[in-house]
1. Exactly one condition in (1) free of Cβ contacts under 8 Å to residues at least 12 places away in the same chain; (2) in contact with a Leu (Cβ under 7 Å, 6 or more places away or on another chain) is not met by Gly159; state its number.
2. List the number of the failed condition for Val26; all other conditions in (1) open to solvent by 60 Å² or more (accessible area, probe 1.4 Å); (2) in contact with a strand residue (DSSP E or B) (Cβ under 8 Å, 6 or more places away or on another chain); (3) among the aliphatic types (A, V, I, L, M) hold.
3. Would you be able to tell me the number of residues in the range 34-57 that are within 17 Å of Arg95 (Cα to Cα) and either in contact with a His (Cβ under 8 Å, 6 or more places away or on another chain) or open to solvent by less than 50 Å² (accessible area, probe 1.4 Å) (or both)?
4. Given the condition outside any helix (DSSP H, G or I), more than 16 Å from the chain's Cα centre (by Cα) and not charged (D, E, K, R), answer yes or no: does some residue in the range 101-110 qualify?
5. Is there a residue in the range 143-150 that is at negative phi, modelled with pLDDT of 90 or more and in a strand (DSSP E or B)?
6. Being of a type in the set (Val, Ile, Thr) and modelled with pLDDT under 90, is that true of even one residue in the range 60-69?
7. Among the numbered criteria (1) open to solvent by 80 Å² or more (accessible area, probe 1.4 Å); (2) under 23 Å from the mean Cα position of the chain (by Cα); (3) small (Gly, Ala, Ser), which single criterion is violated by Ser60?
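The values are calculated or read from the model by the stated rules, or taken from the named source; none is laboratory data. What you see is a predicted model, and the numbers here were worked out from it, not measured in a lab. All Cβ positions, glycine included, derive from the backbone under ideal geometry; neighbour counts span all protein chains shown. Just the protein is used for accessible areas: all its heavy atoms, side chains included, with ligands, DNA and RNA removed. Shrake-Rupley method; radii C 1.70, N 1.55, O 1.52, S 1.80 Å.
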Amino acid sequence: VLMGAVSFTRLKVDRFPNISFPAVFVSIAYTGAAPTDMEELVTKPVENALSGLPGIDTLSSTSAEGIARINVRFVEGTDTNQAAIDVDRKISSVRRRLPTDIDAPSITKADISAIPVMNIALSSTKDRSLAELYDIGNDTVLPRLQSVDGVADVQLIGGLQREIQV
């Protein structure tokens, strides 16, 4: 009991521990292709190329109309930067076997620090329209939040953005 009490009082707590979820996400667009075509022409060749990478824990994919998404999760301790480079190289090596009119593959790494810490919603009791709220958020709130030290990214989502069609 004494050792437990002493250990508990000296137990360190880290509010932001250095953790990583080594994962790389690949998204490939092929406009107008049916899900079955996406699977046969894009997803399977890319999956086969990526399956040879060292350190893969799980490899999963989703094929939808016009888009293929491949999720590559690596074992703990894998360097995500190097894994993303390896994934890019493997996709480049199989690129000549893919349809020529696909968009360039989008490769992103899982970044735990990119998870939002705060979400802010704007509403009005003065009968302001969604377009007015969007303008307030874009012209006032967004620049002020971006200027705060330590803020990595600020995104404005929703509302009605003014659009002029010609």
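1. (1)
2. Among (1) open to solvent by 60 Å² or more (accessible area, probe 1.4 Å); (2) in contact with a strand residue (DSSP E or B) (Cβ under 8 Å, 6 or more places away or on another chain); (3) among the aliphatic types (A, V, I, L, M), the lone unmet condition for Val26 is (1).
3. 9
4. yes
5. Taking every residue of the range 143-150 in turn, none turns out to be at negative phi, modelled with pLDDT of 90 or more and in a strand (DSSP E or B).
6. No, every residue in the range 60-69 fails to be of a type in the set (Val, Ile, Thr) and modelled with pLDDT under 90.
7. Of the numbered conditions (1) open to solvent by 80 Å² or more (accessible area, probe 1.4 Å); (2) under 23 Å from the mean Cα position of the chain (by Cα); (3) small (Gly, Ala, Ser), the odd one out for Ser60 is (1).
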